[in-house]
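Working notes, structure below.
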Amino acid sequence: MTDPDMTVQDPGERDGDVYALDRRTIADVRDAVEVGDAARLAALLDDLHAADIADLIEQIGGDERQGLVRLYGRAFDGEILSELSEGLREEVIGALAPDILSEAVRDLESDDVVDLIEDLETPTQEAILDILEAPDRVAVEQALSLPEFSAGRLMQREFVVTPRHWTVGHAIDFLRGQAELPEQFYHVILVDPRMKPEGYVTLGKLMSSRREVRLADIAEDSFRSFVMDEDEGDIAYAFNQYHLISAPVVDHDGRLVGVITIDDAMAVLDEEHEEDILRLAGVGDEDITDRTLDIARRRFPWLFVNLVTAILASLVIAQFEQIIGAVVALAVLMPIVASMGGNAGTQTLTVAVRALATRDLTGSNAWRVIRREVVAGLLNGVVFAVLMGGVGYLWFGTAMLGLVIGAAMIINMVVAGLAGTLVPLALERAGVDPALASGAFVTTVTDVIGFFAFLGLASVVLL
C-alpha cells in the first residue's frame, strides 16, 4: 500500500541540491528571457551549477537560447561553454559578445580551452585563440598540433612542482608564497633538475606530515607518467585500473609538460561508454540537439546495411517456398526462432563489446568466454525448445512440428552465443570498432541460421 504522505516526483523535480534544474526553473527562465528581465534571469541562474545552466540551454529552443545568452551577458561563465554539447558550442559562442567571450574563455584551464575549441570550425577557433594571452595561445596551439584523443589534448599545463630533496616545510612555504596556483590539483610533483618527474605527494600527505619530513619519503607508490602522444583511452583505463587521481605527462625526452586529472580521465571513460551504446544501436556520434538532416544522414548507412541483411534472410526463406506453402504453420512459427536467436545474440554481443572496452575480454581468455556463452545458449535453447515444442504441438496438433521448432531453437541459441562473442573479437582483431559493426553481422547470422535451421529441418521431417 502506498504511504499517503509520500509523493511521486518527476525526475527533474528532485529535492535538494543533487539536481537543481526542474520544470519550474526552466519555465521561469523562459518567461524572463521573453520579457527581457535580465535581473530576474541572473537571480534564477546565479545559484545553478555551470552544468545545470548548460542543460537548460540545451533544453530550450534556438531563439530562446540566443536570447538567454545575450541577456545573461557578463555573468556568462566559461565553464558553461565546457559543459555544453559539441553541437551547440559554436552557436552559443556566436551569440556571445566578443568582450564577454574573451572574459569567459580566459577563466578556463588550458585543457578546458583545448576541449572547447578542438571541434569548432577554423574561423571560430581563430577567433578564440586571438582572445587568449600569448603564453596561453602558444600552449593551446601546441596541444592542438598533437594527435586527436592523445594525452597532449587531455592534459592541463597548470601544475605544481618541487625538487625531490625538499622537505614538507619547504613545499608548504613555497605554495603559500605563490601568487596563483592551479584551480584544481591533487599532487605536488617531484622533479629532478632536468624537469623529469620522479614521483608525487598528495596534498593530504603534505598537510599531515611534519615540516622536517622529506618529500621523497612520503611520495605515493601509485606514481606513473604518460607520454604526450599516448592514446587517451589507454590513459583513462590506467586511471580506472590503478585508482589514480592525477598523473604527469612527459614529452619524448621525459620532461614534464602537463598533468592529467581524474575528472578528465573519467570524462573520457564516460564518452567511450556512451559512444559504445550509441554505436551498438547504429547511430554513431549523435546528440539530442543535432539537426534533423544530420541525424538522418548519420543513420542512413546502418539502416541500409540492415536492409541488405534483411534481403539476405529473405533469400534464405525463398529457398523453402514449397515447404512453407505445404505447411502454413511454418510461416506462423518462423519469426519466433529468428527473434529468439537475435535477442540472445544481442545479449551476448553487448557483454562482449563491454568486456573488450574494459579489456576484460582478451586473447588469453577468449575461448573460455566463448565456451561459456555457447553452453549458456545451449541451456537456454533446451529450455525454450521444450517450451516451444509444447506450444507447437498444442497449437497445431503436430508433434513433429514441435520437434522441428525445438531443434531449430537449440541450434540458433547456440549459434547466437557463438556469433555474439566471435564477431566482436574478429572485428577488433581486424581493426574495426566492434561496437559499430557487430550488431548487423550478429543479426544476419542469427536470422539466416534460424530460418535455415527451422525450414531445413521442416523440409526433411515434414515433407
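Here is a yes/no grid of residues against (1) at pLDDT below 80; (2) under 25 Å from D28 (Cβ atoms):
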residue	(1), (2)
Y72	no, yes
E109	yes, no
E126	no, no
D130	no, no
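Taking every residue in the stretch 299-327 that is in the same structural domain as A435 (by TED's automatic domain parsing) and pairing it with any residue that is β-branched (V, I, T) and in a helix (DSSP H, G or I), at least 6 positions away or on another chain, the pairs with Cβ-Cβ distances below 6 Å are T309/T444; A313/V448; V316/V448.
Tell me which residues, restricted to the stretch 128-144, are small (G, A, S) and either crowded, with 18+ Cβ neighbours inside 10 Å or not assigned by TED's automatic domain parsing to the domain that holds G78 (or both). Passing the criteria: A139, A143. When you look at E180, is it within 37 Å of the chain's Cα centre (by Cα), in a loop (DSSP other than H, G, I, E, B), more than 21 Å from A265 (Cβ to Cβ) and acidic (D, E), yes or no? Yes: the conditions hold for E180.
Rundown of residues vs (1) free of Cβ contacts under 8 Å to residues at least 60 places away in the same chain; (2) of a type in the set (A, V, I, L, M, F, W, C); (3) touching a helix residue (DSSP H, G or I) at 6+ places or on another chain (Cβ under 9 Å); (4) not assigned by TED's automatic domain parsing to the domain that holds T346, yes/no style:
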position	(1), (2), (3), (4)
I370	yes, yes, yes, no
F384	yes, yes, yes, no
L387	yes, yes, yes, no
L394	yes, yes, yes, no
I405	no, yes, yes, no
V415	no, yes, yes, no
L425	no, yes, yes, no
L436	no, yes, yes, no
G450	no, no, yes, no
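Restrict the check to the stretch 134-144 and report whether at least one residue is touching a residue at least 12 places away in the same chain (Cβ under 8 Å) and under 22 Å from A179 (Cα atoms). There is at least one residue in the stretch 134-144 that is touching a residue at least 12 places away in the same chain (Cβ under 8 Å) and under 22 Å from A179 (Cα atoms).
Residue-wise test of (1) under 25 Å from the mean Cα position of the chain (by Cα); (2) polar (S, T, N, Q); (3) over 26 Å from V305 (Cβ atoms).
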residue: T358; (1), (2), (3): yes, yes, yes
residue: W367; (1), (2), (3): no, no, yes
residue: V375; (1), (2), (3): no, no, yes
residue: V382; (1), (2), (3): no, no, yes
residue: A385; (1), (2), (3): no, no, yes
residue: L401; (1), (2), (3): no, no, yes
residue: G406; (1), (2), (3): no, no, yes
residue: I410; (1), (2), (3): no, no, yes
residue: E428; (1), (2), (3): yes, no, no
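Those residues that are in a helix (DSSP H, G or I) and either among the charged types (D, E, K, R) or under 26 Å from the mean Cα position of the chain (by Cα) (or both), I need them from the stretch 215-224; list them, please.
To start, the set of residues in the stretch 215-224 that are in a helix (DSSP H, G or I) comprises 215-218.
Within the stretch 215-224, just D217 meets the criteria.
For L101, the conditions (1) closer than 20 Å to L132 by Cα; (2) under 28 Å from the mean Cα position of the chain (by Cα) are fulfilled apart from (2).
One residue alone among T362, T346, T358 is of a type outside the set (A, V, I, L, M), within 27 Å of E274 (Cβ to Cβ) and crowded, with 18+ Cβ neighbours inside 10 Å, and that residue is T346. Among helices (runs of 4 or more DSSP H) entirely within the stretch 350-463, having at least 3 residues that are within 30 Å of N240 (Cα to Cα) and at pLDDT 90 or above singles out 366-396, 399-429.
When K205 is tested against (1) outside any helix (DSSP H, G or I); (2) on the phi < 0 side of the Ramachandran plot, exactly one condition is not met: (1).
Here the stretch 225-253 is the region considered, the condition is being out of contact with any strand residue (DSSP E or B) (no Cβ under 8 Å at 6 or more places or on another chain) and not in a helix (DSSP H, G or I), and the residue that is nearest to R354 (Cα to Cα) is H243. Looking across the stretch 51-70, the residues that are hydrophobic (A, V, I, L, M, F, W, C) and surrounded by 19 or more Cβ atoms within 10 Å (Cβ to Cβ) come down to I53, A54, L56, I57, L68, V69.
Kindly check whether there is at least one residue in the stretch 163-176 that is under 22 Å from T261 (Cβ atoms), in the same structural domain as S246 (by TED's automatic domain parsing) and polar (S, T, N, Q). The answer is no; no qualifying residue exists.
The set of residues in the stretch 412-463 being aromatic (F, W, Y) and more than 21 Å from M388 (Cα to Cα) consists of F441 alone.
Restricting the stretch 83-112 to residues that are outside any helix (DSSP H, G or I) and in contact with a Ser or Thr (Cβ under 7 Å, 6 or more places away or on another chain) leaves a set whose member that is surrounded by the most Cβ atoms within 10 Å (Cβ to Cβ) is L108.
The values are calculated or read from the model by the stated rules, or taken from the named source; none is laboratory data. These numbers were taken from a predicted model, which means no experiment stands behind them. Glycine gets a Cβ as well: all are built from the backbone with ideal geometry, and neighbour counts include every protein chain shown.
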